[in-house]
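Student: Pasting a structure here, questions to come.
No lab work stands behind these numbers, since they all come straight from the coordinates. Remember, it's a predicted structure, so these values are computed and weren't measured experimentally. Note: ideal-geometry Cβ built from the backbone for every residue, glycine included; neighbour counts use all protein chains shown.
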Amino acid sequence: IIEKYLKKAADDKGISIVEIEDLASSDFGLQKGELIIEIEDHKAVLKIEGIGKVALIWIKPGGGVQKSEPAFVKEKYAQKLKKIKNTQMAIEASLSTQRDRFDSFYRNDRNLTWDYFYENYFEHGLIGFITKKLIWTFSSKNEEFDAIWFNNQWVNHNLKQFQPGKEHK
């Protein structure tokens, strides 16, 4: 039934089911794999550490790390704490789901424009964690080569820097 509704939504918008899934993928408010929630003078940081693994880190007012949630958070902000932990679990589950979805891409010969890839994959708060760890094949009219995001830049197998642009897919 879900597949039927996805197909109809995709047809109505004139896009593929995979693109509907791309647009429906929540970033949970993550930026560069982190979500910072301020509670009074403390910060709760949800940080992606791996597929299915998200750390909850508490930062004290001076910037130091606290080993567990502050007592006042448990007492005064129990609902907010519960929401933070639920978000942590949802991000972990979504990471696993997205990884599995990306695995299925290898069976399909899908080409993305650079702009689409950059917006929906590379800069996406959650999906970006996955995409920055994969080898991607870029192509233009004249060439095709593999590259990976390494040390905050795209590089080929020889570690030669590469800057993708609108001409690449």
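Student: Return the tail of the calculated pair distribution for the chain, meaning the percent of Cα-Cα pairs more than 21 Å apart.
Tutor: For the chain, the share of Cα pairs beyond 21 Å comes to 58 percent.
Student: Please list the non-local residues whose amide H lies under 5 Å from the amide H of W154, H modeled 1.01 Å from N, same-chain partners needing a gap of 5 or more.
Tutor: F162
Student: What does the charge add up to near K169, with Lys and Arg as +1, Asp and Glu as -1, over the other residues with Cβ less than 12 Å from its Cβ? Write down the numbers at each step before the final one.
Tutor: Working: positive: R110, K141, K166; negative: D109, D115, E143, E144, E167.
That works out to -2.
Student: Which lysines does K166 reach when only Cα atoms under 18 Å apart count, and residues fewer than 8 places away in its own chain are ignored?
Tutor: K141
Student: Which residues in region 59-88 place their backbone N less than 11 Å from a point set 7 Å from the Cα of K43 along the Cα-to-Cβ direction?
Tutor: Only 59-65 fall inside the zone, counting backbone N under 11 Å.
Student: Still on this structure, please answer the following. Give me the lysines in straight-line cross-link reach of K132: C-alpha distance below 17 Å, same-chain residues under 8 apart excluded.
Tutor: Here the lysines satisfying the reach criterion relative to K132 are K32, K47, K53, K160, K169.
Student: Please report, in cubic angstrom per residue, the volume enclosed by the convex hull of the alpha-carbon atoms of region 33-126.
Tutor: 105 Å³
Student: Angle between the Cα long axis of helix 2-13 and the longest principal axis of the chain, 0 to 90 degrees, nearest 10?
Tutor: On a 0 to 90 degree scale, this one is about 60.
Student: Still on this structure, please answer the following. By how many degrees, 0 to 90 and rounded to 10, does the Cα axis of helix 78-105 deviate from the longest principal axis of the chain?
Tutor: So the inclination is approximately 20 degrees.
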